[in-house]
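The structure under discussion appears below in the form of structure tokens.
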Amino acid sequence: MTLYRARTIDTPEDPFSGGGLRCEEDGGLLVQDGVVVERGTFADLRRRHPGADLVELPDGVLLPGLVDTHVHFPQVRVIGALGMPLLEWLERCALPEESRLAEAEYARAVAAEFVAALLGAGTTTALVFGSHFAPAVDALFEAAATSGLRITSGLVVGDRMLRPDLHTSAQRGYDEGHALAARWHGVGRSRYAVIPRFALSCSDDLLASCGQLHRDLPDSWFTSHLNENLDEVATVRQLFGGGTYLDCYDRHGLVGPRSVLAHDVHPTDKELKRMAEAGASVAHCPTSNAALGSGLFPLNRHLAYGVPVALGCDVGAGTGFSLFKEGLQAYLLQQLRGRDGTALTAAHLLHLATAAGAQALGLRDQVGDLSAGRRFDAIWVRPRPGTPLHIGMRHANSPEEALAKVFALATSHDVVQVWADGVPRTQPAERVL
Ligand SMILES: [Zn+2]
């Protein structure tokens with residue numbers, strides 16, 4: 001047994017429905033076999049468990065491991081291409097790089113970089129857009145399994161309007177996906193997700209095969225893009241004729257409680273109503289939305305309809321792997337929406353970056369906060385002395401203030417240790433971002 005002593009902050013109760021921050025200034029977490037078995041004040045736990053190994057985490061704050069619900073594995077090397085809208089960015093920047101993952105050695109190198117970058121940013125659980133190439137998806141699952149990352153991912157499929165070398169067929173997509181799932185679905189911390197790239201690049205036959213694969217793989221997940229950019233939405237409507245963007249997926253049984261749709265910047269009321277009924281979640285990627293000029297996410301409408309929302313960094317259209325930066329950008333975008341904006345507090349941001357993501361991925365019973373019974377997935381944010389974050393946290397008057405400073409000022413460099421299942425997963429040299 002190990003007793004961790006730290007200032008801990010988490011959000012066991014949803015701040016969007018009356019919950020708030022839970023903070024233990026001098027807290028104790030007793031961890032056994034990767035699970036938090038008791039929590040409380042350090043003094044109480046130390047008295048009752050004098051023989052437990054002690055790990056002291058002075059300064060800073062211990063938070064739950066962050067949960068990223070939308071991030072593209074093949075795009076780690078193309079972050080930062082500014083100045084293009086979605087469809088141009090895909091053609092000029094993202095898709096040429098995605099093609100390079102056909103080469104197994106290249107894919108393995110990118111997988112190692114990708115997993116290290118996620119963990120370095122404090123992300124311990126992620127729903128990951130895989131590659132169009134099955135061996136590259138194997139490389140991703142292998143790297144994730146070795147690293148300790150809790151991952152849900154799969155083969156990305158498309159059969160039109162990409163580059164020809166990225167196209168597949170309905171049968172091939174099904175067969176390769178099924179074979180990957182046989183190797184990885186439910187193995188350790190890995191699970192399989194069915195992933196059509198987006199309706200624009202998928203024929204109805206291909207989406208039908210995705211629906212079949214989703215049904216044939218018990219407890220598999222579904223993820224794709226939805227309503228990201230107005231030109232994209234108009235083209236999807238032309239291609240499919242009538243109906244909503246969501247209908248393209250829904251008619252094949254792909255919209256349910258194990259579905260996560262990325263972006264949804266331009267939803268119709270009908271789509272929001274349907275997603276709420278189905279229990280499908282939305283991955284909000286605010287830096288990507290801003291970088292590509294996709295629009296200002298209508299969080300108020302999602303909340304009004306009861307559509308669950310969590311955060312994603314979207315790399316490479318985003319600006320990096322840090323969910324602190326995504327949280328800050330989510331806050332800024334809502335401020336810019338004026339009267340239609342949703343005022344977000346630090347508690348909301350932490351919730352969106354942790355428990356909400358765990359909920360969207362059906363992992364809320366395992367991760368998302370630091371309650372007794374959860375896996376010990378945690379990050380220690382400890383700013384270097386003299387930095388604005390260090391100064392700000394030292395002079396914060398409340399846990400809420402201290403956490404707001406983390407979202408405003410922290411980078412991946414301030415995440416000095418990451419645990420998944422109770423095991424330390426990072427060393428400073430591994431933190432590449
Ligand atoms: Zn994306």
Of all accessible heavy-atom area on region 188-243, the percent that carbon and sulfur account for (1.4 Å): 48 percent
Protein accessible area in region 246-373, 1.4 Å probe - carbon and sulfur %: 52 percent
Normalised convex hull volume, region 346-433, alpha-carbon set, Å³ per residue: 108 Å³
Solvent-accessible area per residue, Å², over region 26-71 with all protein chains present [probe radius 1.4 Å]: 39 Å²
Principal axis dimensions, region 159-313 - Cα atoms, whole angstrom, descending: 40, 34, 28
Translational D in µm²/s for region 277-358 (Stokes-Einstein at 4 °C, 1.567 mPa s, Kirkwood Rh from C-alpha pairs): 102 µm²/s
Binned Cα-Cα distance frequencies in region 353-394 - 10 Å width, integer %: 28, 32, 25, 15, 0
Beta bridge orientation in the chain: antiparallel %, DSSP, nearest 5: 45 percent
Aspartates and glutamates with Cα under 16 Å of Lys270, excluding same-chain neighbours fewer than 8 positions away: Asp247, Asp250
Quarter of Cα convex hull surface for region 51-104, i.e. mean projection, nm²: 7.9 nm²
Cα-Cα separations in region 274-433 greater than 28 Å, expressed as whole percent: 23 percent
Accessible area per residue, Å², region 267-400 with all protein chains present, probe 1.4 Å: 35 Å²
Accessible surface, region 131-257, averaged per residue in Å² (probe 1.4 Å): 35 Å²
Inverse of mean 1/r across different Cα pairs in the chain, Kirkwood, Å: 21.6 Å
Pairs of Cα atoms farther than 14 Å apart, region 6-70, %: 64 percent
Surface share of carbon and sulfur [accessible, 1.4 angstrom probe, percent] for region 7-158: 50 percent
Radius of gyration, Dmax [region 67-221; alpha carbons; angstrom]: 14.6, 42
Cα coordinate range in region 1-146, projected on the principal axes (Å, largest first): 60, 35, 25
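The values are calculated or read from the model by the stated rules, or taken from the named source; none is laboratory data. Since we're looking at a predicted model, the values are computed, not measured. To get the accessible areas, we keep the full protein, side chains included, count just its heavy atoms, and leave off ligands, DNA and RNA. Shrake-Rupley method; radii C 1.70, N 1.55, O 1.52, S 1.80 Å.
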